[in-house]
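Where a number appears in this text, it was derived from the coordinates with a stated rule and is not lab data. Bear in mind that the values here come from a model prediction, so they are computed numbers and not experimental data. All Cβ positions, even for glycine, are placed from backbone atoms using ideal geometry, and neighbour counts span all protein chains on display.
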Amino acid sequence: MNSQEIEKMAHKMSWQKFVAMEEKEKIIFLNNLHTGNPFHVLFAQQFNRENLDLLCQIAEIARAINKNKQEGVKFLRKLLSGTHALNFFYQPSSRTFLSFETAQETLGMSIRDIRDPSVSSEAKGETLEDSIRTFSSYVDLIIMRYPEKQAVEKGAWVLNKSDRRIPIINAGSGKDQHPTQALTDIYTLHKSFNGEIDGRTIVMCGDLKRGRTVRSLSYLMKNYHDMKLIFVSPSHLRMKKDIKDFLTSHNITYLEEDNLEEIIPLADAIYMTRIQDEWDEKNDQTKKIPKPVDPKYKFKKEYLELMKKDAVLMHPLPKRDEIDEEVGYFRDKRVVFWRQPRNGVWIRVALIALIFQKQQTILDYTHWPKKWREGG
Ligand code: CP
């Protein structure tokens, strides 16, 4: 099918037909038809090695440009000046919301947000589809975290049918994936290992059943060679079969283990996660005091002694007690979870630049004669 045929098909497609497709079948309706890079960003499977390496490269260069507080900051702010972004977050978020906002401001976008359902016309019975179409009249990009499953997919589907096909990004919505956290994690690994991610052993520990970030990061592993994943979790929170089947079909080795302490010396990266008890069926939301984590799945400060000298300790955050609190205050360069939020800004700058096809302008920046750069 050529790009016009795909566009026509997307325009006509019913929601029932779209939603029934497998994720891999949906990708042609989400990616940029000319470049093949993600346009709507819903799933980690939309990314390939080429665009992951490119995103890390853009993030690094944009970050370096921004260090020049005069011309560099001005240059980045001109890239998307005159465009508008909407951060549409109906679920709690600190990092994803603020990092997108910072990324958008860095690129010169003007920013709107809706965080409270009671102030949107959905409170008057407007459908989500109509709300999204309305938002697209005012902005050029929508970032969305919403409680209902497949809500961002519905957004992408409705925008594909509309005359104003603006991009929409899944910001870790409901029980769906969290692709931009997975990009943040890849960028953190890329920086930690000087760009050499292939062949690494990654331990993921905690709530692997419901954690959006570990699921999305597992999908991205298909883009790297000889990766080994070791899943450590309580038996009722094991990684689900769909991810394990995906890993098997891509010849990625994975093991399921129960003893974090024993596994630590083998790891290049230890990725801790919080128990997501907000999804417990019998969860009493009025009780705000979380249960302490089972000590078997807690990273204790003495475990730093067991880590390889160049391994890293990661966490997508927010965290609770699954890492000894003192660990976050040690000046140990292997503890990188406080660097991840900052990396999250720059990989989101890179992603937005890629979606708006500004990547080459960023990559070419250093080749510009200084007088042009100063003159803008
Ligand atoms: N990592 C992450 O998604 O954090 P927030 O929920 O605070 O956005």
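Could you tell me the calculated FRET efficiency between Leu98 and Met1, based on Cβ-Cβ distance and R0 = 45 angstrom, to the nearest 0.05? It comes out at approximately 0.70.
For the listed residue pairs Lys24/Lys240; Lys26/Lys240; Lys209/Lys308; Lys241/Lys309; Lys161/Lys241; Lys175/Lys319, the alpha carbons are over 25 angstrom apart in Lys209/Lys308; Lys241/Lys309; Lys161/Lys241. Name the shape class, rounded, prolate or oblate, that the alpha-carbon gyration tensor gives for the stretch 229-338, where a ≥ b ≥ c are the square roots of its eigenvalues, rounded holds for a/c under 1.5, and otherwise prolate holds if a/b is larger than b/c and oblate otherwise. Oblate, because a/c is 1.5 or more while a/b does not exceed b/c. Considering only the Cα atoms of the stretch 1-141, their convex hull presents on average a projected area of 10.7 nm².
Starting from the Cα-Cα distance between His236 and Glu129, subtract it from 0.36 nm times their residue separation and give me the gain in nm to one decimal. Display every interim value, and only then the final one.
Details: separation 107, 0.36 × 107 = 38.52 nm, distance 3.58 nm.
Value of the extension gain: 34.9 nm.
Full extension of the chain segment joining Thr366 with Lys78 gains 102.1 nm, where the gain is 0.36 nm per residue of separation less the Cα-Cα distance. A simple packing score, the average count of other Cβ atoms within 10 Å per residue, orders the peptides 296-308, 169-181, 312-324 as 169-181, 312-324, 296-308, with the highest score first. If both residues of a DSSP beta bridge must be in the chain, then about 5% of such bridges are antiparallel. Seen from every direction in turn and averaged, the convex hull around the alpha carbons of the stretch 111-157 projects onto 3.4 nm². Put a dot 7 Å past the Cα of Glu256, heading toward its Cβ, do the same for Lys175, and the two dots end up 1.8 nm apart.
Shape call for the stretch 101-251 from the C-alpha gyration tensor, a ≥ b ≥ c root eigenvalues: rounded (a/c under 1.5), prolate (a/b greater than b/c) or oblate?
Working: a/c = 2.39, a/b = 1.75, b/c = 1.37.
Since a/c reaches 1.5 and a/b is larger than b/c, the shape of the stretch 101-251 is classed as prolate.
In what sequence, highest mean first, do 231-239, 347-355, 3-11, 118-126 appear when ranked by Cβ atoms within 10 angstrom? Present the calculation step by step, with values, prior to reporting the outcome.
On the way: 231-239: 17.6, 347-355: 26.1, 3-11: 13.0, 118-126: 10.2.
So the peptides 231-239, 347-355, 3-11, 118-126, ranked by packing, come out 347-355, 231-239, 3-11, 118-126.
What ranking do Leu30, Leu260, Leu266, Leu79 get, fewest neighbouring Cβ atoms within 10 angstrom at the top?
Numbers: Leu30 22, Leu260 25, Leu266 16, Leu79 19.
Least crowded to most crowded, the residues run Leu266, Leu79, Leu30, Leu260.
A crude spin-label estimate for the pair Asp198 and His225, with each label 7 Å from Cα along the Cβ direction, gives 0.3 nm.
Taking 7 Å steps out from each Cα toward its Cβ at Val119 and Met13 produces label points 3.5 nm apart. What shape does the stretch 124-197 have by the C-alpha gyration tensor, where a ≥ b ≥ c are the square roots of the eigenvalues, rounded means a/c under 1.5, and otherwise prolate means a/b greater than b/c and oblate the rest? In terms of gyration-tensor shape, prolate.
Based only on Cα atoms, what mean projected area does the convex hull of the stretch 171-256 have, in nm²?
On the way: hull surface 20.9 nm².
Reported value for the Cα convex hull: 5.2 nm².
Sorting 182-191, 80-89, 242-251 by average packing, meaning the other beta carbons within 10 Å per residue, from highest down gives 182-191, 80-89, 242-251. Net charge dipole, the chain: roughly 880 debye, given to the nearest 20, about the Cα centre with Cβ charges of +1 for Lys and Arg and -1 for Asp and Glu.
Relative contact order of the stretch 97-202: what whole-number percent is it, with Cα pairs under 8 angstrom and at least 6 residues apart?
Values: 92 pairs, mean separation 19.0, N = 106.
RCO, the stretch 97-202: 18 percent.
What is the Cα radius of gyration of the chain over 2.2 N^0.38 Å, N being its residue count? Let's see the in-between values first.
Values: Rg = 20.9 Å, N = 376, 2.2 N^0.38 = 20.9 Å.
In units of the globular-protein estimate, the chain measures up at 1.00.
As an exercise, use a Förster radius of 45 Å and the Cβ-Cβ distance of Tyr138 and Asp310 to find the FRET efficiency, rounded to the nearest 0.05. Once rounded, the FRET efficiency stands at 0.40. Per the Debye formula with a single identical scatterer at each Cα and no solvent contribution, what log10 I(q)/I(0) holds for the stretch 58-155 at q = 0.10, 0.11, 0.23 Å⁻¹? Taking Cα atoms of the stretch 58-155 as identical point scatterers yields -0.33, -0.39, -1.19. Placing +1 on each Lys and Arg Cβ and -1 on each Asp and Glu Cβ, with no other charges, gives the stretch 1-158 a dipole about its Cα centre of roughly 360 debye.
Centre-to-centre, using Cα atoms only, the stretch 131-164 and the stretch 286-364 are separated by 29 Å.
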